[in-house]
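To keep things clear, I will list the structure first and then write my remarks on it.
The values are calculated or read from the model by the stated rules, or taken from the named source; none is laboratory data. Everything numeric in this text was worked out from a predicted model, so none of it was measured. For neighbour counting, all protein chains shown are included, and Cβ atoms are generated from backbone atoms with ideal geometry for every residue, glycine included. For the accessible areas, the whole protein counts, side chains as well, though only heavy atoms, and no ligand, DNA or RNA atoms are used. Shrake-Rupley method; radii C 1.70, N 1.55, O 1.52, S 1.80 Å.
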Amino acid sequence: MPKLVSSKGTTRKASQEKTTNFIHGTVGRKITDISRRSKNLIFKLDDGGIILVHLKMTGQLVYKPDDSDENEKLVWGGHPIEESQNNLPNKHTYLIFKLENGILFYNDIRQFGYLLFYKNEDELLTEKHFVDLGLEPLSEGFTLDYLKLAFKSKKGQLKKVFLDQNVVVGLGNIYADEVAFAAGVKPERLVQSLSDIEVGKIYDSIKKIIKNAIELGGSSVANYVLADGNRGNYAREHRVYKRGGKPCLVCGTILTSIKSAGRTTVFCTVCQV
Ligand SMILES: [Zn+2]
């Protein structure tokens, strides 16, 4: 579908030129590498070209090997779609990649996802969204000194700085609240007001919570499935997320729920300062 390969954002228009570039740039090429940067999947092609895939709220990729019609041989990634269980392609299929030994389907119920083509990495990196992305929490560059320095240059509240993703990526609404709780800091605190000890606790909590969440396969609160078809198990580890009005698991105080940075934010008025 031209819209999905032409642009991203809320108002999107199909572009004939971008559709043509997508087809010319990808057909006949070999995928040499797949990686992830924040929520973007990056498929590298043998001539340096790049396909960027963002599944957004309802997208999924399904790989079906040529030699099989059996469901257990399918490889899933992204959000589950009922119709895709037994029927591929289906009415939610918008892109079909014929590969050497199989077929890769891009299915998306609401079509918020996108698959963009870039001639090379330089072109990809000129995207403002990419330039501004913060560090991956488990990468080498993400050190305590980095976080201290980054917080000093930011004016916003802790929750907003996390959601902005330009200091550190991967902390969405769920993990932002969980990290703030684990660190004993209110999500509304201005990051510039945080002491070195508090930043240290936040740093340790980010590492611990992200590592734990990855090991458990993520949170799956909405409808996410992993490549093996299983749902993530982190949801049962949540200590504050979606627990507004319930007692704090540490001190028993009723957890407070407010709107912060436009999102529901839950914290304990006693455990967090
Ligand atoms: Zn508490």
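Considered as a group, the residues in region 258-272 that are in a loop (DSSP other than H, G, I, E, B) and within 11 Å of the ligand (Cβ to nearest atom) include one that is most open to solvent (accessible area, probe 1.4 Å), and that residue is Val270.
Quick one: in region 131-151, which of the residues that are charged (D, E, K, R) and at pLDDT 95 or above is most open to solvent (accessible area, probe 1.4 Å)? Residue satisfying both the conditions and the ranking: Asp145. Against the definition (more than 25 Å from Arg12 (Cβ to Cβ), at pLDDT below 95 and open to solvent by less than 60 Å² (accessible area, probe 1.4 Å)), how does Gly102 come out, yes or no? Yes: the conditions hold for Gly102. For region 237-257, taking the residues that are away from the ligand (no atom under 11 Å from the Cβ), out of contact with any Leu (no Cβ under 9 Å at 6 or more places or on another chain) and in a loop (DSSP other than H, G, I, E, B), the one that is nearest to Gln165 (Cα to Cα) is identified as Tyr241. Set side by side, the residues Ile81, Ile50 differ, and just one is at pLDDT 95 or above, aliphatic (A, V, I, L, M) and over 17 Å from the mean Cα position of the chain (by Cα), which is Ile50. Can you confirm whether region 174-186 contains a residue that is at pLDDT below 95 and either touching a helix residue (DSSP H, G or I) at 6+ places or on another chain (Cβ under 8 Å) or within 18 Å of Arg263 (Cα to Cα) (or both)? Scanning region 174-186, I find at least one residue that is at pLDDT below 95 and either touching a helix residue (DSSP H, G or I) at 6+ places or on another chain (Cβ under 8 Å) or within 18 Å of Arg263 (Cα to Cα) (or both), so the answer is yes. Selection of strands (runs of 3 or more DSSP E) fully inside region 1-94 by the criterion of at least 3 residues being open to solvent by 80 Å² or more (accessible area, probe 1.4 Å) and more than 14 Å from Phe105 (Cα to Cα) returns 31-37. The number of residues in region 107-127 that are surrounded by 15 or more Cβ atoms within 10 Å (Cβ to Cβ) and of a type in the set (D, E, K, R) comes to 2.
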